[in-house]
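Novice: I'd like to ask some things about the structure below.
Values in this text are rule-based calculations from the coordinates and carry no lab data. Given the structure is predicted, the values throughout are model-derived calculations rather than measurements. Virtual Cβ from ideal backbone geometry, glycine too; neighbours counted across all protein chains shown.
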Amino acid sequence: MAWGSTPRNDAVNGLSTLLKRPQWREHPDGQRIRELLRPQLDSGDETIRMITTLGITQLFDPNELPAEIGRRLRHEENLSVTTALLDGLSRCVSADPEGVDSALGGLREAPSWPVLAARPEDRTVPPQSVQTEGGDLLVSILVYLAFARATGFAAQLIGVWAQHPLLHPATLGRAVAMTRRYMNPPNGWEPESQTRLFAFLETITDAILVAVSSSQELLSSGTRLGDESRHDLEAAAWIANSIAQELYYASGAFQRQQEQQQPDERVVAPRFCDLALPLIEKLGHVPTAGIAHHLVQTLVFLSRREPRRAFLAIASIVTTASGYSSESLGEAEVLGLVDAYVAERRELILGDPECLSALRRMLEAFVGVGSDRAIRRVQDLGDLFR
């Protein structure tokens with residue numbers, strides 16, 4: 001919200017600025033400033049209300065603040081003021097997670113907060129276009145409360161989303177995008193948060209696979225997908241893509257261009273690898289090229305620790321994902337891995353019939369779409385067996 005300079009605006013803004021400074025908060029006049037500003041939180045002028053709300057954390061005792069913000073969120077209609085209130089709530093979340101959780105729980109029955117009541121979204125609107133109340137800031141608070149602190153309301157709400165993910169694709173897409181720090185925390189800290197998160201992701205993925213399997217059965221029988229089935233499939237693909245993308249970035253596989261010029265010192269985190277591999281193997285059954293590519297990129301990196309399991313998982317994805325073998329990025333990633341295995345892990349392929357079969361399936365998939373590079377690899381296979 002932009003506002004012009006008026007005597008009243010300037011006065012409120014000036015007092016709020018003073019109160020942000022420790023020397024004024026501790027000064028005897030600090031209490032007088034608070035008394036002057038608190039009534040402005042209820043001003044009928046939205047600009048005044050917003051300017052005052054930006055400093056709300058300085059106006060109340062920390063123990064009272066979450067409940068005070070929750071009370072105001074119930075009735076506030078202006079988006080800028082609502083955002084300022086949520087920002088104030090986010091500043092309380094580390095010090096008083098239970099208070100923030102209680103404040104959000106108190107909004108679940110409020111008509112203006114359907115996301116907190118886990119009401120189904122309008123799936124005729126693409127998930128990337130859905131605007132939910134509170135947006136990313138509210139979702140980030142809930143993610144922190146549910147996974148880092150396991151508070152009652154947030155954990156229960158996110159559990160409902162996980163049980164019925166196809167009804168909340170936009171919200172879940174945002175939530176998954178905010179879980180990266182819990183997927184692969186540095187130095188093994190927050191293991192309980194990591195465990196809770198992967199249990200959540202597995203529940204979502206199981207529901208996604210049911211939707212994908214149901215749609216495939218309908219299509220295989222020659223039945224055209226109805227609107228409900230089509231919305232389910234679109235929601236499943238959207239959420240699966242969000243999970244696959246975050247797994248890739250959280251794993252440590254991503255390298256910026258400038259980093260690729262330096263010695264590769266990336267290390268696979270053992271716990272992340274153990275938790276992520278079963279999830280990736282499940283997500284590999286979603287037959288979408290974009291999802292497949294994120295999963296393959298992640299598996300190529302995880303192959304440093306689990307070479308056999310990663311290789312078999314990649315073979316499964318390549319032969320499952322629709323159109324992936326036709327993509328140039330897929331060809332470069334997969335055949336690059338094949339070259340690395342032939343050069344560095346030849347004994348694994350030659351000594352394991354399952355890996356050898358996986359190699360053949362991968363090459364056949366790319367040969368089938370006319371990949372010159374794959375055709376050359378097949379022609380060179382004789383050297384592999386010498």
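Novice: Starting at 0 and stepping by 10 Å, how many percent of the alpha carbon pairs of the range 287-386 end up in each bin?
Specialist: Reading upward from the zero bin: 16, 55, 27, 1.
Novice: Most mobile of 155, 95, 244 per a Gaussian network model of the chain (Cα springs, under 10 Å)?
Specialist: 95
Novice: How about the range 231-293: which GluC sites (Glu not before Pro) there lie in a loop by DSSP and see at most 14 other Cβ atoms within 10 Å?
Specialist: Numbers: sites: 234, 246, 259, 265, 281; in loops: 265.
Passing both the DSSP loop test and the Cβ count: 265.
Novice: Most exposed first by the Cβ proxy, i.e. fewest other Cβ within 10 Å, how do 25, 174 rank?
Specialist: On the way: 25 15, 174 22.
Lowest to highest Cβ neighbour count: 25, 174.
Novice: Under a point-charge model restricted to the Cβ atoms of Lys and Arg (+1) and Asp and Glu (-1), what is the dipole moment magnitude of the chain relative to its Cα centre, in debye to the nearest 20?
Specialist: 400
Novice: Let me ask something additional. So, counting K/R as plus one and D/E as minus one, what does the shell of residues with Cβ under 14 Å around residue 271 add up to?
Specialist: It works out to a net charge of -2.
Novice: Please give the charge dipole size of the range 287-386, origin at the Cα centre, charges +1 on K and R Cβ atoms and -1 on D and E Cβ atoms. Round to the nearest 20 debye.
Specialist: Charge dipole, the range 287-386, about its Cα centre: 180 debye, nearest 20.
Novice: Net charge near residue 365, counting Lys/Arg +1 and Asp/Glu -1 over other residues with Cβ under 14 Å of its Cβ?
Specialist: Around residue 365, the charge tally is 0.
Novice: Helix-only estimate, please: 222 nm mean residue ellipticity of the chain, summing -39500 (n - 2.57) across DSSP H runs of length 4 or more and dividing by its residues, to the nearest 500.
Specialist: -19500 deg cm²/dmol
Novice: Between beta-carbons, use under 12 Å as the cut-off and find the net charge around residue 203, counting Lys and Arg +1, Asp and Glu -1. Numbers along the way, then the final one.
Specialist: Values: positive: 196, 282; negative: 202, 206.
Net charge around residue 203: 0.
Novice: May I ask which residue of 300, 323, 287 lies farthest towards the positive end of the charge dipole of the range 287-386, with charges of +1 (Lys, Arg) and -1 (Asp, Glu) on Cβ and the Cα centre as origin?
Specialist: 300
Novice: On to the next question. Which order results if 112, 16, 213 are arranged by neighbouring Cβ count within 10 Å, fewest first?
Specialist: Numbers: 112 14, 16 20, 213 11.
Final ranking by Cβ density, sparse to dense: 213, 112, 16.
Novice: Okay, next question. If each residue of separation counts as 0.36 nm, what is the full-extension length gain between residue 319 and residue 27 once their alpha-carbon separation is subtracted?
Specialist: Fully extending the segment from residue 319 to residue 27 adds 98.1 nm.
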